[in-house]
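Right, one structure below, let's go through it.
FYI, it's all coordinate maths here, none of it is from the lab. If you're wondering where the values come from, they're calculated on a predicted model, not measured in any experiment. Positions of Cβ are backbone-derived with ideal geometry, glycine not excepted, and every protein chain shown enters the neighbour counts.
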Amino acid sequence: MLPFPLVYNDGYYLPIGPHVFPAEKFRLVRDRLIETGVAESSDFLTPEAADDRDILLVHTPEYVRKLTTGTLSAREEMELEIPYSPELVRAFWLAAGGSILAAKCALQNGVSINIGGGFHHAFPDHGEGFCMINDVAVAIRSMQRDQKIRTAMTVDCDVHQGNGTAAIFAGGRTSAHPLPSTSASPRVSSSTNSANTDARDVFTISLHQENNYPAQKPPSSIDVDLPDGIGDEAYLAWLDNTLSSGLRQFQPDLICYIAGADPYREDQLGGLALTIEGLKRRDQLVFRVAKARNIPVMVTFAGGYARRVEDTVAIHCNTVIAAQEVFSAQKSVAPSHV
């Protein structure tokens with residue numbers, strides 16, 4: 001049995017037909033974790049869909065109305081890049097409910113993982129890039145409204161910049177100040193949040209491939225624009241330095257870790273060169289930093305488009321194993337990889 005809960009609902013499946021997004025991966029991850037003995041059925045909690053009042057903490061009433069009534073414009077549907085349906089709306093409301101539940105569980109257990117979510121391209125008034133609702137932002141605002149947390153930090157390690165999250169918690173970019181590193185030289189930018197109180201209570205970090213989607217990248221609190229083809233060691237050095245810099249500047253009550261599988265070297269929509277083992281080391285680094293500072297971590301899985309869906313599933317399962325190894329006193333219970 002894992003020392004923390006996993007959050008999953010069969011309704012996470014996105015009814016989008018043949019698509020580069022592997023809609024079945026959420027179920028495959030759950031099944032693989034149980035089949036390999038990493039998790040038991042009792043480790044999984046089943047979330048309910050987020051309430052509209054939670055969604056409206058982040059998204060505009062007009063956008064929510066269009067989603068719930070099926071009245072998106074042709075352009076708005078095109079920006080989503082997935083076919084609209086009422087069932088799809090239900091799936092995204094469930095993902096947001098899952099991230100809210102995972103955030104609550106993280107406060108109690110030190111870490112909790114939503115086997116879904118991480119839809120970081122959704123803006124307040126529209127969706128983009130396979131993302132209809134920004135579940136992480138909804139979870140943060142819900143937790144703040146209920147006075148469970150005051151501050152949060154997003155650590156986005158998807159290969160694509162979290163443009164929706166950056167826009168939701170927007171600040172103004174200042175001149176770049178490089179972080180120390182001995183390897184490749186990404187462009188690092190930081191931002192100073194505006195006078196808006198809501199903007200100051202969330203610190204956003206995005207570590208992503210510069211020459212990739214989205215074309216326009218709104219400023220995060222820290223953006224690390226990585227060059228094409230960067231591998232394990234350079235990536236991990238930049239992540240370590242970025243986490244250190246962010247946590248010197250900001251003290252979060254909760255870290256929301258977007259653990260994208262798409263920095264993988266065989267990903268169809270990525271251009272970085274991390275190995276499966278390197279991605280597990282990435283997860284371990286985030287968890288160790290959070291544990292050392294006694295900061296709870298809520299995890300979502302975000303993107304993953306490997307040529308072999310089995311690789312994407314293995315990467316996501318390894319995130320759970322990495323959390324088990326870092327947060328459990330009995331590290332030998334789980335296998336080292338799947």
Exercise. In nm, to one decimal, how far is the residue 216 label point from the residue 19 one, both placed 7 Å along Cα→Cβ?
Worked result: 2.4 nm
Problem set entry | Amide H contacts of residue 111 (H built 1.01 Å from N, under 5 Å, at least 5 apart or other chain) | 297
Problem set entry | Estimated inter-spin distance, residue 150 and residue 10, nm [label 7 Å along Cα→Cβ] | 4.4 nm
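According to the square roots a ≥ b ≥ c of the eigenvalues of the Cα gyration tensor, what is the shape class of segment 1-112, taking rounded for a/c under 1.5, prolate for a/b larger than b/c otherwise, and oblate for the remainder? Let's see the in-between values first.
Numbers: a/c = 3.16, a/b = 1.56, b/c = 2.02.
Oblate, because a/c is 1.5 or more while a/b does not exceed b/c.
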Problem set entry | Note, ³J(HN,Hα) from phi for segment 107-113, Karplus 6.51, -1.76, 1.60, rounded to Hz, x at Gly and Pro | 5, 8, 10, x, 7, 8, 10
Seminar exercise, completed: Within the set 55, 34, 149, GNM on the chain using Cα springs under 10 Å gives the largest fluctuation to 34
Exercise. Shape call for segment 1-57 from the C-alpha gyration tensor, a ≥ b ≥ c root eigenvalues: rounded (a/c under 1.5), prolate (a/b greater than b/c) or oblate?
Worked result: oblate
Seminar exercise, completed: segment 1-32 and segment 278-327 have their Cα centres apart by a whole-number Å value of 15 Å
Problem set entry | Lysine pairs with alpha-carbon atoms under 27 Å apart, the chain, spacing 8 or more or separate chains | 13
Exercise. Picking from 318, 114, 241, which is most flexible by a Gaussian network model of the chain using Cα springs under 10 Å?
Worked result: 241
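Which whole-number percentage describes the relative contact order of segment 235-338, with Cα contacts under 8 Å and a sequence gap of 6 or more? It would help to have the intermediate numbers written out before the result.
Working: 132 pairs, mean separation 31.2, N = 104.
Normalised by residue count, the contact order of segment 235-338 is 30 percent.
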For this session: List the relative contact order of segment 1-77 as a percent without decimals, with contacts defined as Cα pairs under 8 Å and 6+ residues apart.
Result: 34 percent
Problem set entry | Of [x] 21.8; [y] 19.5; [z] 20.9, the label for Kirkwood radius over Cα pairs in Å derived from the coordinates | [y]
Exercise. Near the amide H of residue 156, under 5 Å away, which other amide H atoms are found, from residues 5 or more places off or on another chain, if H is placed in the peptide plane?
Worked result: 205, 206, 207, 258
Exercise. Using a Gaussian network for the chain with springs between C-alpha atoms less than 10 Å apart, which of these wobbles most: 110, 246, 37?
Worked result: 37
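May I ask you to compute the full-extension gain from residue 109 to residue 251, defined as 0.36 nm times their residue separation minus their alpha-carbon distance, rounded to one decimal in nm? Before the final figure, lay out the partial values.
Details: separation 142, 0.36 × 142 = 51.12 nm, distance 1.91 nm.
Gain on extension, residue 109 to residue 251, equals 49.2 nm.
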